[in-house]
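Participant: Before I ask anything, let me first share the structure, which is written out below as structure tokens.
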Amino acid sequence: MLQDGDKIDTLFFEEGFELSGDKGRVLAEFASGQPAIVLAEHGKGRAMIVGSFVGSAYHHFQNPNNGKFLAGLADWLGIVRRWKSPFPRVTYWWRRGSLRGRPDDPFCL
């Protein structure tokens, strides 16, 4: 789990966001102070937008905090790890519940 002040790496670009209204909440900022990760709720749903490629940055820089962030996203989405692939750095996950009407959907990282 990430703690306040933990840093994650970005790669290729950093797209900051401008919030309008009071529905969005800034979860992380770039060094420039621009919002980097924003969470918003609408109706019964929630959405998160991330202003860079944190998965690619994890692959490139091997920052464990990026891995913690990605694993936290899996928890947030209700995805559980079922087994590890024989291929390095590939893990298969399953989402609890239904996507597209099917009971258990595979999700690969």
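Participant: Within region 35-69, which residues have the backbone N less than 13 Å from the label spot 7 Å out from GLU14 along Cα→beta-carbon, could you tell me?
Facilitator: Those under the cut-off are 35-37, 51-53.
Participant: Need the list of aspartates and glutamates near LYS68 for cross-linking: C-alpha distance under 14 angstrom, and skip anything on the same chain fewer than eight residues off.
Facilitator: In chain and number order, the partners are ASP4, ASP6, ASP9.
Participant: Cα-Cα pairs above 14 Å in region 1-77: how many percent?
Facilitator: Numbers: 1851 of 2926 pairs.
Tail of the P(r) past 14 Å holds 63 percent of the pairs.
Participant: How much length is gained on full extension from ASP22 to ALA47, taking 0.36 nm per residue of separation minus their Cα-Cα distance?
Facilitator: Values: separation 25, 0.36 × 25 = 9.00 nm, distance 1.44 nm.
This chain segment gains 7.6 nm when fully extended.
Read-outs throughout are calculated quantities, based only on the coordinates presented, and are distinct from any laboratory measurement. Here the structure is a predicted model, which is why all the values come from computation and not from measurement. Don't worry about glycine lacking a Cβ; one is built from the backbone with ideal geometry, like all the others, and counts go over all protein chains shown.
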